[in-house]
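Peer 1: Pasting a structure below so you can have a look.
The numbers here are math on the coordinates, done by the rules we state, and not lab data. Small disclaimer: the values here were computed from a predicted structure and weren't measured.
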C-alpha cells in the first residue's frame, strides 16, 4: 500500500497552560496544508494523518500559537498547553466599538447559548422590522446572520434539553439547525405542545432522558429518567413538602379570619412568595454523576448516571436552607459548576463540600447566562442621543 493511501487518527487535548482547563474552538492544523480540526468545548479533537513525522500548528484567538512535532503514532492522547495572551480583554462587548459584531441599530430581543455558540435574536430599527438571529462564538465574534421569513414574528429564544436553540413566537416554535454550509430554521411545532414536552425536559445522558414533574403548586417535585432504548420511566426521586404546604394553608386561613391592617393582597403575596415559598430542587449531570440539589433536606444527593442509584450525599451550606435563598440555580455545563444569585451577588455552590463561595457582583441587566467560566449579560445602554441593548461577557472571579 502506498504512503498516500495510509490513514490514521491522532487524539489531541488542548489545555490552558495556567488553569489546565480545556480550550474549545482551538484550531489544529497540519503545517503547510489545509487539513485540520477544531477542538470540542473540553479541548479534545481527533485529526486524520497519512504520514509521519508531522508538525501541527495550534491556535486560538485568546492564546499564543504553538507548533509541535510528532514523530510517530502513539497510543496515548497528546496534550498541548497554550499560553494565554496577557492583553486579552476579560470583557468583550457585542456592540462595542472594537468588535462591532452587532450594530447599534440592531435591537436585541433575547439571547441564548447552545453548543458553544451565542444566539442573539433581534431586528433592525427600520420600517420592515426584519427579524434576524446573529450567531456568535463565545468570544462574541460574529460568525453568521440568519434572516427570518416575514411569517416568523419572533418573541424569544429557548434552549431545550438537547442543547438545541429554538425561536419562539406566540403560536409556534422553530428549531435553528446547522447544515453543511450555513444555518437555517426548521421543524415547526405548535407552541402549547412544544412547552408541554420541553418545559419539563432537563437533559440527556448516554442512557436516559431526564424530566421533572411539579405538582401541588410546587410543593411536590419528582425527577425521572426515560430509558432511551426501552422507553421505560425510572422515577428515582420523589420529594414532597406537604408540611410546608399545610403551614401556608393555615397562614392563609388565619389571614381570612383576621384581616391585616395593610392591604390583604400584599400580605398574601408576602406569605406565598417569601415565608412559605416552595423549595426549587434542581437536577444536573456532570460526568458520570447526577447531582440532586435537595433544598428541603439541606443536602446534595449523588446518583450514578448509569443505574440511577444513590451513591452519596453532602450537606448544603446552612444559609442555603432558607426560602430567602430559594431561587433557581444556574449551571455552567462547560465548567461543571453550580451557581446562585442573591442580592446582586453571584455565589458558587461547591458540589463536593456544599459550601458557598462568593464570586462576582452581578451587573444590572435584563438577563444573565453562565458558560465556560464567564457571565454573559444582556444590558441596556442609555445615552443622551442613543439607546440600545448589548451582550457582554465577564470572567468569573
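Peer 1: At 0.36 nm per residue, and after removing the present C-alpha to C-alpha distance, how many nm does the segment from residue 232 to residue 361 gain when stretched out fully?
Peer 2: Here the segment from residue 232 to residue 361 would lengthen by 42.0 nm.
Peer 1: Under the definition of Cα pairs under 8 Å and six or more residues apart, what whole-number percent is the relative contact order of the chain?
Peer 2: That works out to 9 percent.
Peer 1: Could you work out how far helix 242-257 tilts from the main Cα principal axis of the chain, as a 0 to 90 degree angle to the nearest 10?
Peer 2: Here the helix axis deviates by roughly 40 degrees.
Peer 1: Let me make sure I get this right: for the chain, a, b and c are the square roots of the gyration tensor eigenvalues over alpha carbons, sorted descending. Under 1.5 in a/c it's rounded, otherwise prolate if a/b > b/c, else oblate. Which is it? Could you put the intermediate results ahead of the total?
Peer 2: Values: a/c = 1.88, a/b = 1.46, b/c = 1.29.
Because a/c hits 1.5 or more and a/b exceeds b/c, the chain counts as prolate.
Peer 1: Please label the shape of the range 246-397 as rounded, prolate or oblate, based on the square roots a ≥ b ≥ c of the eigenvalues of the alpha-carbon gyration tensor (a/c under 1.5 means rounded; beyond that, a/b larger than b/c means prolate, else oblate).
Peer 2: oblate
Peer 1: Looking at the chain, send over the antiparallel percent of its DSSP beta bridges, to the nearest 5. Provide the component values of the computation, followed by the final result.
Peer 2: Numbers: 117 of 122 bridges.
Around 95 percent of the beta bridges assigned by DSSP in the chain are antiparallel ones.
Peer 1: If you don't mind, another one. Express in nm, to one decimal, how much length is gained between residue 59 and residue 344 on full extension, taking 0.36 nm for each residue of separation and deducting their alpha carbon distance.
Peer 2: Going from the current span to full extension adds 98.9 nm.
Peer 1: Distance between the C-alpha centers of the range 221-249 and the range 172-201? Whole Å please.
Peer 2: With the range 221-249 and the range 172-201 each reduced to a Cα centre, they are spaced 27 Å.
Peer 1: Could you tell me whether the range 92-194 comes out rounded, prolate or oblate from its Cα gyration tensor? Rule is a ≥ b ≥ c as square roots of the eigenvalues, rounded for a/c under 1.5, then prolate if a/b exceeds b/c, otherwise oblate.
Peer 2: Working: a/c = 1.89, a/b = 1.31, b/c = 1.44.
Cα axes put the range 92-194 in the oblate bin.
Peer 1: Something else now. Calculate, in nm to one decimal, what residue 31 and residue 207 gain on full extension: separation in residues at 0.36 nm each, minus their alpha carbon distance.
Peer 2: Values: separation 176, 0.36 × 176 = 63.36 nm, distance 3.98 nm.
Computed gain between residue 31 and residue 207 is 59.4 nm.
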